[in-house]
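I have placed the structure first, in the form of C-alpha coordinates, so that the comments after it can refer back to it.
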Amino acid sequence: MPITTTVITGATSGIGKETALALAKKDHALYLLVRDMDKGETVKQELISASKNNNIYTVFCDLSDMESVHNAAQVLKTSLFSINVLINNAGGVFNQHQLTKDGFEMTFAVNHLGHFLLTTLLLPLLERGQARVINVSSNAHRFGKPMFKDLQWENTIYSPLKAYGVAKLFNIYFTRSLAIKYGPKGITSFALHPGIVNTNFGEGLGGTGKTLLWLARPFMITPEQGALTSIYLATASRIDAKSGKYFKNMKVTAPSARAIDEVGRNKLWDKSMELIQPFI
Ligand SMILES: NC(=O)c1ccc[n+]([C@@H]2O[C@H](COP(=O)([O-])OP(=O)(O)OC[C@H]3O[C@@H](n4cnc5c(N)ncnc54)[C@H](OP(=O)(O)O)[C@@H]3O)[C@@H](O)[C@H]2O)c1
(Lines give C-alpha, C1' and ligand atoms only; values in the text may rest on other atoms or scores of the structure.)
Protein backbone atom coordinates (compact mmCIF):
# COMPACT_ATOMS: atom_id res chain seq x y z
CA MET A 1 0.00 0.00 0.00
CA PRO A 2 1.39 3.47 -0.81
CA ILE A 3 2.44 5.52 2.20
CA THR A 4 0.20 8.46 3.13
CA THR A 5 2.23 11.64 3.63
CA THR A 6 0.74 13.96 6.21
CA VAL A 7 1.84 17.44 7.25
CA ILE A 8 0.45 18.77 10.51
CA THR A 9 0.84 22.01 12.46
CA GLY A 10 0.48 22.29 16.23
CA ALA A 11 1.37 18.67 16.95
CA THR A 12 3.48 19.50 20.01
CA SER A 13 0.48 19.43 22.34
CA GLY A 14 -3.25 18.86 22.79
CA ILE A 15 -5.43 17.86 19.86
CA GLY A 16 -2.60 17.99 17.30
CA LYS A 17 -0.37 15.65 19.30
CA GLU A 18 -3.14 13.07 19.66
CA THR A 19 -4.00 13.39 15.97
CA ALA A 20 -0.34 12.84 15.06
CA LEU A 21 -0.11 9.82 17.35
CA ALA A 22 -3.15 8.16 15.78
CA LEU A 23 -1.81 8.81 12.26
CA ALA A 24 1.67 7.56 13.23
CA LYS A 25 0.03 4.32 14.37
CA LYS A 26 -1.63 4.11 10.94
CA ASP A 27 1.84 4.34 9.35
CA HIS A 28 1.51 7.81 7.84
CA ALA A 29 4.79 9.54 7.02
CA LEU A 30 4.45 12.54 9.31
CA TYR A 31 5.91 16.01 8.99
CA LEU A 32 5.42 17.97 12.22
CA LEU A 33 5.63 21.72 11.66
CA VAL A 34 6.77 23.14 15.01
CA ARG A 35 7.82 26.51 16.39
CA ASP A 36 10.01 24.99 19.11
CA MET A 37 12.46 22.43 17.72
CA ASP A 38 13.40 20.99 21.15
CA LYS A 39 9.76 20.40 22.01
CA GLY A 40 9.17 19.06 18.50
CA GLU A 41 12.06 16.59 18.83
CA THR A 42 10.74 15.34 22.19
CA VAL A 43 7.25 14.82 20.75
CA LYS A 44 8.71 13.15 17.65
CA GLN A 45 10.60 10.64 19.84
CA GLU A 46 7.43 10.00 21.91
CA LEU A 47 5.45 9.34 18.72
CA ILE A 48 8.15 7.03 17.34
CA SER A 49 8.33 4.97 20.51
CA ALA A 50 4.53 4.76 20.91
CA SER A 51 3.88 3.85 17.25
CA LYS A 52 7.11 2.08 16.13
CA ASN A 53 6.87 4.32 13.06
CA ASN A 54 10.25 5.90 12.25
CA ASN A 55 8.88 7.93 9.37
CA ILE A 56 8.36 11.10 11.44
CA TYR A 57 10.15 14.41 10.89
CA THR A 58 10.12 17.90 12.38
CA VAL A 59 10.31 21.12 10.36
CA PHE A 60 10.64 24.54 11.96
CA CYS A 61 7.61 26.72 11.31
CA ASP A 62 6.44 29.68 13.36
CA LEU A 63 3.01 30.52 11.97
CA SER A 64 3.21 34.07 13.32
CA ASP A 65 6.22 34.74 11.09
CA MET A 66 5.49 34.60 7.35
CA GLU A 67 9.17 34.22 6.40
CA SER A 68 9.35 31.15 8.65
CA VAL A 69 6.21 29.73 6.98
CA HIS A 70 7.80 30.35 3.58
CA ASN A 71 11.00 28.57 4.68
CA ALA A 72 9.04 25.59 6.04
CA ALA A 73 7.20 25.25 2.74
CA GLN A 74 10.57 25.35 0.91
CA VAL A 75 11.91 22.52 3.12
CA LEU A 76 8.81 20.43 2.34
CA LYS A 77 9.07 21.21 -1.37
CA THR A 78 12.67 20.00 -1.47
CA SER A 79 11.96 16.84 0.57
CA LEU A 80 8.61 15.74 -0.85
CA PHE A 81 7.03 15.17 -4.24
CA SER A 82 3.49 15.15 -2.92
CA ILE A 83 1.39 15.57 0.22
CA ASN A 84 -1.80 13.57 0.85
CA VAL A 85 -3.06 15.23 4.02
CA LEU A 86 -2.42 18.72 5.39
CA ILE A 87 -3.82 19.38 8.85
CA ASN A 88 -3.87 23.07 9.73
CA ASN A 89 -4.34 22.51 13.44
CA ALA A 90 -2.19 25.03 15.33
CA GLY A 91 -4.01 27.91 16.91
CA GLY A 92 -4.37 30.10 19.91
CA VAL A 93 -6.12 32.95 21.63
CA PHE A 94 -4.19 35.99 22.87
CA ASN A 95 -5.03 38.11 25.86
CA GLN A 96 -3.60 41.38 24.53
CA HIS A 97 -3.59 42.98 21.12
CA GLN A 98 -0.19 42.12 19.60
CA LEU A 99 1.17 42.69 16.12
CA THR A 100 3.55 40.14 14.62
CA LYS A 101 6.87 41.23 13.12
CA ASP A 102 5.06 41.43 9.76
CA GLY A 103 2.41 43.75 11.25
CA PHE A 104 -0.44 41.22 11.47
CA GLU A 105 -2.64 40.82 14.53
CA MET A 106 -1.42 37.65 16.30
CA THR A 107 -4.75 35.73 16.37
CA PHE A 108 -5.32 36.42 12.68
CA ALA A 109 -1.74 35.45 11.80
CA VAL A 110 -1.46 32.20 13.77
CA ASN A 111 -4.98 30.86 13.23
CA HIS A 112 -5.54 32.01 9.66
CA LEU A 113 -2.90 33.83 7.59
CA GLY A 114 0.07 31.55 8.40
CA HIS A 115 -1.98 28.52 7.35
CA PHE A 116 -3.31 30.37 4.29
CA LEU A 117 0.28 31.07 3.17
CA LEU A 118 1.46 27.55 3.98
CA THR A 119 -1.38 25.93 2.04
CA THR A 120 -0.94 28.27 -0.92
CA LEU A 121 2.80 27.54 -1.14
CA LEU A 122 2.17 23.79 -0.91
CA LEU A 123 -0.53 23.69 -3.61
CA PRO A 124 1.62 21.92 -6.25
CA LEU A 125 2.42 19.13 -3.73
CA LEU A 126 -1.20 18.98 -2.56
CA GLU A 127 -2.38 18.68 -6.12
CA ARG A 128 0.07 15.86 -6.84
CA GLY A 129 -1.11 14.07 -3.68
CA GLN A 130 -4.84 14.67 -4.41
CA ALA A 131 -4.78 15.93 -0.85
CA ARG A 132 -7.24 16.63 1.90
CA VAL A 133 -6.73 19.93 3.67
CA ILE A 134 -8.20 19.82 7.17
CA ASN A 135 -8.69 23.11 9.00
CA VAL A 136 -9.26 22.93 12.75
CA SER A 137 -11.85 25.63 13.35
CA SER A 138 -14.15 26.02 16.36
CA ASN A 139 -17.75 26.62 17.34
CA ALA A 140 -16.35 29.94 18.56
CA HIS A 141 -16.73 31.02 14.89
CA ARG A 142 -20.37 31.70 15.85
CA PHE A 143 -19.41 34.91 17.63
CA GLY A 144 -17.01 36.06 14.92
CA LYS A 145 -17.99 39.21 13.02
CA PRO A 146 -15.31 40.08 10.47
CA MET A 147 -14.21 43.69 10.09
CA PHE A 148 -12.44 43.65 6.75
CA LYS A 149 -11.56 47.34 7.11
CA ASP A 150 -9.62 46.63 10.31
CA LEU A 151 -8.34 43.04 10.12
CA GLN A 152 -5.41 43.90 12.39
CA TRP A 153 -7.63 45.39 15.14
CA GLU A 154 -5.75 48.70 15.12
CA ASN A 155 -8.81 50.97 15.24
CA THR A 156 -11.17 48.65 17.12
CA ILE A 157 -11.19 47.84 20.83
CA TYR A 158 -9.51 44.44 20.99
CA SER A 159 -11.35 41.48 22.49
CA PRO A 160 -9.46 38.14 22.64
CA LEU A 161 -12.62 36.07 22.22
CA LYS A 162 -13.99 38.18 19.38
CA ALA A 163 -10.63 38.11 17.56
CA TYR A 164 -10.51 34.33 18.02
CA GLY A 165 -14.12 33.94 16.80
CA VAL A 166 -13.32 35.88 13.64
CA ALA A 167 -10.16 33.84 12.97
CA LYS A 168 -12.10 30.59 13.38
CA LEU A 169 -14.83 31.90 11.04
CA PHE A 170 -12.02 32.56 8.54
CA ASN A 171 -11.00 28.86 8.81
CA ILE A 172 -14.47 27.95 7.53
CA TYR A 173 -14.37 30.53 4.73
CA PHE A 174 -10.93 29.26 3.72
CA THR A 175 -12.12 25.64 3.72
CA ARG A 176 -15.02 26.36 1.40
CA SER A 177 -12.94 28.54 -0.93
CA LEU A 178 -10.29 25.83 -1.24
CA ALA A 179 -12.96 23.21 -1.98
CA ILE A 180 -14.49 25.38 -4.71
CA LYS A 181 -11.29 26.66 -6.28
CA TYR A 182 -9.15 23.50 -6.06
CA GLY A 183 -11.78 20.73 -6.05
CA PRO A 184 -11.48 20.46 -9.85
CA LYS A 185 -7.74 19.77 -9.33
CA GLY A 186 -8.43 16.95 -6.87
CA ILE A 187 -7.91 18.80 -3.58
CA THR A 188 -10.62 18.46 -0.94
CA SER A 189 -10.98 20.53 2.19
CA PHE A 190 -12.79 20.14 5.50
CA ALA A 191 -13.29 22.31 8.59
CA LEU A 192 -14.10 21.00 12.03
CA HIS A 193 -14.96 21.77 15.61
CA PRO A 194 -13.05 19.38 17.90
CA GLY A 195 -15.28 19.88 20.95
CA ILE A 196 -14.35 21.70 24.15
CA VAL A 197 -11.07 20.01 24.87
CA ASN A 198 -8.81 20.01 27.91
CA THR A 199 -5.51 21.19 26.38
CA ASN A 200 -3.07 24.08 26.83
CA PHE A 201 -5.48 26.22 24.81
CA GLY A 202 -6.28 29.60 26.40
CA GLU A 203 -3.59 29.36 29.08
CA GLY A 204 -2.54 32.97 28.71
CA LEU A 205 -6.08 34.35 28.98
CA GLY A 206 -7.14 36.72 31.75
CA GLY A 207 -10.47 38.26 32.79
CA THR A 208 -13.73 36.78 31.45
CA GLY A 209 -11.92 34.32 29.19
CA LYS A 210 -9.98 32.86 32.11
CA THR A 211 -13.16 32.53 34.20
CA LEU A 212 -15.06 30.87 31.34
CA LEU A 213 -12.22 28.42 30.82
CA TRP A 214 -12.04 27.63 34.55
CA LEU A 215 -15.81 27.01 34.65
CA ALA A 216 -15.71 24.80 31.56
CA ARG A 217 -12.64 22.74 32.60
CA PRO A 218 -14.54 19.96 34.51
CA PHE A 219 -16.81 19.37 31.49
CA MET A 220 -14.09 19.26 28.86
CA ILE A 221 -13.33 16.18 26.78
CA THR A 222 -9.83 14.69 26.62
CA PRO A 223 -7.36 15.51 23.81
CA GLU A 224 -7.80 11.89 22.58
CA GLN A 225 -11.53 12.52 22.21
CA GLY A 226 -10.92 15.99 20.76
CA ALA A 227 -8.71 14.50 18.03
CA LEU A 228 -11.34 12.05 16.74
CA THR A 229 -12.87 14.28 14.05
CA SER A 230 -9.44 15.32 12.71
CA ILE A 231 -8.39 11.66 12.56
CA TYR A 232 -11.67 10.72 10.88
CA LEU A 233 -11.24 13.40 8.22
CA ALA A 234 -7.62 12.38 7.62
CA THR A 235 -8.42 8.70 7.18
CA ALA A 236 -12.05 8.05 6.20
CA SER A 237 -12.76 6.88 2.69
CA ARG A 238 -15.45 8.33 0.41
CA ILE A 239 -15.80 11.77 1.97
CA ASP A 240 -14.89 13.78 -1.15
CA ALA A 241 -18.54 14.72 -1.75
CA LYS A 242 -18.51 16.50 1.62
CA SER A 243 -15.59 18.74 0.67
CA GLY A 244 -16.04 22.32 1.87
CA LYS A 245 -18.21 21.30 4.82
CA TYR A 246 -17.92 21.89 8.56
CA PHE A 247 -17.77 18.82 10.83
CA LYS A 248 -18.43 18.10 14.48
CA ASN A 249 -18.40 14.65 16.11
CA MET A 250 -17.31 13.17 12.76
CA LYS A 251 -20.47 14.38 11.02
CA VAL A 252 -21.32 17.32 8.79
CA THR A 253 -22.96 20.06 10.82
CA ALA A 254 -24.29 23.50 9.91
CA PRO A 255 -21.98 26.41 10.69
CA SER A 256 -23.37 29.88 11.47
CA ALA A 257 -25.32 31.78 8.80
CA ARG A 258 -22.37 34.18 8.53
CA ALA A 259 -20.01 31.28 7.78
CA ILE A 260 -21.84 30.55 4.52
CA ASP A 261 -21.82 34.17 3.38
CA GLU A 262 -20.23 34.22 -0.08
CA VAL A 263 -19.34 37.91 0.00
CA GLY A 264 -17.33 37.57 3.22
CA ARG A 265 -15.73 34.37 2.00
CA ASN A 266 -14.55 35.96 -1.26
CA LYS A 267 -13.37 39.10 0.53
CA LEU A 268 -11.24 37.00 2.85
CA TRP A 269 -9.68 35.13 -0.07
CA ASP A 270 -8.82 38.33 -1.95
CA LYS A 271 -7.51 40.13 1.13
CA SER A 272 -5.43 37.14 2.28
CA MET A 273 -3.93 36.75 -1.21
CA GLU A 274 -2.98 40.43 -1.16
CA LEU A 275 -1.39 40.15 2.31
CA ILE A 276 0.75 37.10 1.51
CA GLN A 277 2.18 38.46 -1.77
CA PRO A 278 5.47 39.66 -0.17
CA PHE A 279 6.06 36.15 1.22
CA ILE A 280 5.32 34.05 -1.87
N1 LIG B 1 -9.13 23.13 23.13
C2 LIG B 1 -10.34 23.44 22.69
O3 LIG B 1 -11.34 23.38 23.44
C4 LIG B 1 -10.56 23.85 21.27
C5 LIG B 1 -11.88 24.08 20.83
C6 LIG B 1 -12.09 24.45 19.50
C7 LIG B 1 -11.02 24.58 18.64
N8 LIG B 1 -9.74 24.36 19.09
C9 LIG B 1 -8.66 24.50 18.13
O10 LIG B 1 -7.88 23.32 18.15
C11 LIG B 1 -6.55 23.59 17.68
C12 LIG B 1 -5.55 22.93 18.60
O13 LIG B 1 -5.63 23.55 19.87
P14 LIG B 1 -5.38 22.77 21.24
O15 LIG B 1 -6.63 22.86 22.02
O16 LIG B 1 -4.77 21.45 20.99
O17 LIG B 1 -4.36 23.80 21.94
P18 LIG B 1 -2.86 23.66 22.45
O19 LIG B 1 -2.70 22.47 23.33
O20 LIG B 1 -2.53 25.00 23.00
O21 LIG B 1 -2.02 23.40 21.10
C22 LIG B 1 -1.79 24.43 20.19
C23 LIG B 1 -0.68 24.02 19.24
O24 LIG B 1 -0.45 25.09 18.33
C25 LIG B 1 0.94 25.39 18.34
N26 LIG B 1 1.18 26.80 18.04
C27 LIG B 1 0.72 27.89 18.71
N28 LIG B 1 1.21 29.01 18.18
C29 LIG B 1 2.00 28.64 17.15
C30 LIG B 1 2.82 29.34 16.22
N31 LIG B 1 2.95 30.68 16.26
N32 LIG B 1 3.49 28.64 15.29
C33 LIG B 1 3.40 27.29 15.25
N34 LIG B 1 2.68 26.57 16.10
C35 LIG B 1 1.99 27.23 17.05
C36 LIG B 1 1.39 25.05 19.74
O37 LIG B 1 2.80 24.94 19.80
P38 LIG B 1 3.61 25.00 21.21
O39 LIG B 1 3.52 23.61 21.78
O40 LIG B 1 4.98 25.40 20.80
O41 LIG B 1 2.91 25.99 22.08
C42 LIG B 1 0.65 23.75 19.96
O43 LIG B 1 1.31 22.69 19.32
C44 LIG B 1 -6.45 25.12 17.63
O45 LIG B 1 -6.59 25.54 16.29
C46 LIG B 1 -7.64 25.59 18.46
O47 LIG B 1 -8.08 26.86 18.04
C48 LIG B 1 -9.50 23.99 20.38
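Could you tell me which of rounded, prolate or oblate describes the chain, using a ≥ b ≥ c as the square roots of the eigenvalues of the alpha-carbon gyration tensor, with rounded for a/c under 1.5 and, failing that, prolate when a/b is larger than b/c and oblate otherwise? It is rounded, given that a/c, with a ≥ b ≥ c, falls under 1.5. For the stretch 202-218, backbone phi angles converted through the Karplus equation (6.51, -1.76, 1.60; θ = phi - 60°) give residue-by-residue couplings of x, 4, x, 5, x, x, 4, x, 5, 5, 4, 5, 4, 5, 7, 3, x Hz, Gly and Pro being listed as x. Using the Cβ-Cβ distance between D27 and T156 with R0 = 41 Å, the FRET efficiency computed as 1/(1 + (r/R0)^6) comes to roughly 0.30.
DSSP finds beta bridges in the chain, and of those with both partners inside it, around 15 percent are antiparallel.
In the neighborhood of A72, defined by Cβ-to-Cβ distances under 13 Å, what is the net charge if each Lys or Arg adds +1 and each Asp or Glu adds -1?
Every neighbour counted, the sum reads -1.
Per residue, the solvent-accessible area of the chain (1.4 Å probe, heavy atoms of protein chains only, all protein chains present) comes to 45 Å². Scalar couplings 3J(HN,Hα) for the stretch 164-173, obtained by applying the Karplus form with A = 6.51, B = -1.76, C = 1.60 to θ = phi - 60°, are 5, x, 5, 4, 6, 5, 4, 4, 6, 4 Hz; x denotes Gly and Pro.
Between Q225 and T211, full extension at 0.36 nm per residue minus the direct alpha carbon distance yields a gain of 2.7 nm. Where a Cα-Cα gap under 13 Å defines reach, which aspartates and glutamates qualify for K271, not counting those fewer than 8 residues away within the same chain? Partners found: D150. The length gained on full extension between R128 and I3, counted as 0.36 nm times the residue separation minus their Cα-Cα distance, comes to 43.6 nm. Share of carbon and sulfur in the accessible area of the stretch 1-106 stands at 49%, probe radius 1.4 Å. Distance between the 7 Å Cα→Cβ label points at D102 and R238: 4.0 nm. The slack between M273 and I180, meaning 0.36 nm per residue of separation minus the straight C-alpha distance, is 31.9 nm. With θ taken as phi - 60° and the Karplus curve 6.51 cos²θ - 1.76 cosθ + 1.60 applied, the whole-hertz 3J(HN,Hα) list for the stretch 177-193 is 4, 4, 4, 6, 6, 10, x, x, 9, x, 9, 10, 8, 9, 10, 8, 10 Hz, x standing for glycine and proline. Placing pseudo-labels 7 Å out from each Cα toward the beta carbon at N266 and M250 gives an inter-label distance of 3.8 nm.
Find, among the trypsin sites (Lys or Arg not before Pro) in the stretch 222-273, those assigned to loop by DSSP (not H, G, I, E, B) with at most 10 other beta-carbon atoms within 10 angstrom.
Listed in order of number, the matching sites are R238.
Checking the a/c ratio against 1.5 first, then a/b against b/c, what shape does the Cα gyration tensor give for the stretch 1-89?
Because a/c hits 1.5 or more and a/b fails to exceed b/c, the stretch 1-89 counts as oblate.
Taking amide H positions as modeled 1.01 Å from N, with prolines and chain starts lacking one, the residues under 5 Å from I87 and 5 or more places away or on another chain are V7, I8, T9, I134. Within straight-line reach of K251, meaning a Cα separation under 19 Å, sit the following lysines at least 8 residues removed in sequence or on another chain: K168, K242. Once backbone amide H atoms are built at 1.01 Å from N, T4 has A29 as its partners under 5 Å, excluding neighbours fewer than 5 places away on the same chain.
The values are calculated or read from the model by the stated rules, or taken from the named source; none is laboratory data. What you see is a predicted model; the values in this text were computed from it and never measured. Cβ: placed from backbone, ideal geometry, glycine included. Neighbour counts: every protein chain shown. The protein model used for the area step is the full one, side chains on, heavy atoms only, and it has no ligands, DNA or RNA in it. Shrake-Rupley method; radii C 1.70, N 1.55, O 1.52, S 1.80 Å.
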